[in-house]
Structures are given as structure tokens and as C-alpha cells.
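Remarks on the structure that follows.
Where a number appears in this text, it was derived from the coordinates with a stated rule and is not lab data. Please read these numbers as outputs of a predicted model, since none were measured by experiment. All Cβ positions, even for glycine, are placed from backbone atoms using ideal geometry, and neighbour counts span all protein chains on display.
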Amino acid sequence: MADGVGNQSPVNYGRFATTAAERIRILVEYKRVAVVGLSANPYRPSHFVAIYLLSKGFDVIPVNPREKEILGRKCYASLKDIPGPVEIVDIFRDPSAVPGIVEEAIAVNAKVIWMQLGVINEAAAERAREAGLAVVMDRCMKIEHARYFGGLSTIGLNAGIISARLRGR
């Protein structure tokens, strides 16, 4: 299943592989995203992803027990502290932290576990699927959204500075 970013991931060849259609359905159907491990540091990937998701109309909920507010939004210590429903749990944490996050996601009736690039935990993915959650593993929400919905020009990417075209053409 070689379909772009992350195509070398072992996840693509295992039982937790997702199709492009499955990822598109998730990105269209669900808009309330709890970003677990969201950093206040603007140079961290989680921060950049959150800004992108906000710019695309997602309701981003920061989850980080060390922060009170990120991107002007109240930060929560855990998923269970978030008022209202959580649809997608986007995980920017070490794979060893994923099982506990999955248990919280199940407890709050989340719909999707989305493990970011490099975050792979098959046992936690199995637990989430058994509980009825969709699982995306070792993929970035921002990259996947941009790939399917034309967001590569958003926030400084594809600015036209670098091109494979010859000048004047």
C-alpha cells in the first residue's frame, strides 16, 4: 500500500493499515479533535498541526497537563476533563503512553484514535478497534488532510519559491 507519506511504514503492510477512503471519511465526518501532547512550543510538529487543523475548521482541543492554554484555547490535563464529545483523539506522545490514552478515549466515547507519524502501538490499536473505534496509525492528520483536500499551500507550504519548472514556462 504505497500511497505517499509514510509508505515505508510497517503499518501499511499489517493488519492496521487504512485505506485512503477510510482516512478521507474520518477527515470529512469528524471535526472535534483532542490533540494529546499538544505543545505550546511553535516549533514542535504538534503545534504546527493544530494551527493547520484550526485553519481548516476543526475544533482543536489541547490536551497537555503542563499547560493552561495553547493557541488561545483552554488546555485540559486529560481526555476525561474535556466537556462535551470528543470525536478524534490525535496522539503526539511516545508509543508507550498510547494504551492509557486509548482507555481514556474509550471511556469518553471517542470515535477515532489517530496516532501521528512514528507513533505505533499495535496492542493499543487492537484494544481501540475491539471497542469500536476507528484507528489510524503512523500518519499525520495535517499531511493526510492536505493531500486529499488541497491544503499543501496553507501556512507557507508550496509557496511557489521552489519549482521543478523552467523559468518562463
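Could you give the radius of gyration (one decimal) and Dmax (whole number) of the Cα atoms in region 7-72, in Å?
14.2, 40
So what's the net charge close to residue 64: Lys and Arg +1, Asp and Glu -1, counting the other residues with Cβ under 13 Å from its Cβ? Walk me through the numbers before you get to the answer.
Details: positive: 44, 66, 68, 73, 74, 93; negative: 67, 69, 81, 90.
That sum, taken over residues with Cβ under 13 Å, equals +2.
Roughly how many Å is it from the Cα centre of region 120-149 to that of region 92-108, as a whole number?
One Cα centre to the other: 12 Å.
Net charge within 9 Å of residue 40 by Cβ-Cβ distance, Lys/Arg positive one each and Asp/Glu negative one each, not counting residue 40 itself? Numbers along the way, then the final one.
Details: positive: 44, 66; negative: 67, 69.
Charge balance in the 9 Å sphere: 0.
Could you list the square roots of 5 times each eigenvalue of the Cα gyration tensor of region 24-146, that is, the equivalent ellipsoid semi-axes, sorted largest first and rounded to whole Å?
Working: eigenvalues 75, 49, 40 Å².
Calculated on Cα positions only, the semi-axes equal 19, 16, 14 Å.
Roughly how many debye, to the nearest 20, is the charge dipole of region 24-146 about its Cα centre, given +1 on each Lys and Arg Cβ, -1 on each Asp and Glu Cβ, and no other charges? Before the final figure, lay out each step's value.
On the way: 16 positive and 15 negative charges, 77 e Å.
About 360 debye.
Ordered by residue, what ³J(HN,Hα) values in Hz, to whole numbers, does region 87-93 give under the Karplus form 6.51 cos²θ - 1.76 cosθ + 1.60, where θ = phi - 60° and Gly and Pro are x?
9, 10, 10, 9, 9, 10, 9
Summing +1 for each Lys or Arg and -1 for each Asp or Glu, what net charge is found among the other residues whose Cβ lies under 12 Å from the Cβ of residue 133?
For residues surrounding residue 133, the net value is -2.
For the pair residue 44 and residue 67, how long in nm is the line joining their label points, each one 7 Å along Cα→Cβ?
0.6
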